[in-house]
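Some notes on the structure that comes next.
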Amino acid sequence: MEQVTIHINGLSTSVPRGTTVAAAIATVGEAAFRTSVTGTPRGPLCGMGICGECRVTINGVHHQRSCVIPCREGMEVVTNA
């Protein structure tokens, strides 16, 4: 299967094309994707884009639902932003 390389919090990782950003983040060991307004770590819950707990910054665009966005070559992903 073809691989794509993305950058998560400045670290490069390769995943199969079609892998969601949330799955790629999980493969590098990140559990907290963002922090709630009360400071609680948050991560994916529903896995289908409804809850919004998996929001991250992708290519400078904040609040992207990582569980429904497939990885593309060269993506810059920032968690906890």
How many residues does segment 13-48 hold that are open to solvent by 70 Å² or more (accessible area, probe 1.4 Å), of a type in the set (S, T, N, Q) and under 13 Å from the mean Cα position of the chain (by Cα)?
-> 1
Which of the residues belonging to segment 49-81 are among the aliphatic types (A, V, I, L, M), exposed (fewer than 12 other Cβ atoms within 10 Å of the Cβ) and either touching a Phe, Trp or Tyr at 6+ places or on another chain (Cβ under 6 Å) or closer than 15 Å to R34 by Cβ (or both)?
-> V61
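The values are calculated or read from the model by the stated rules, or taken from the named source; none is laboratory data. Keep in mind it's a predicted model, so treat the numbers as computed, not measured. Cβ coordinates were reconstructed from backbone atoms using ideal geometry, including for glycine residues, and neighbour counts include every protein chain displayed. The area values use the complete protein model at the heavy-atom level, side chains included, leaving out ligands, DNA and RNA. Shrake-Rupley method; radii C 1.70, N 1.55, O 1.52, S 1.80 Å.
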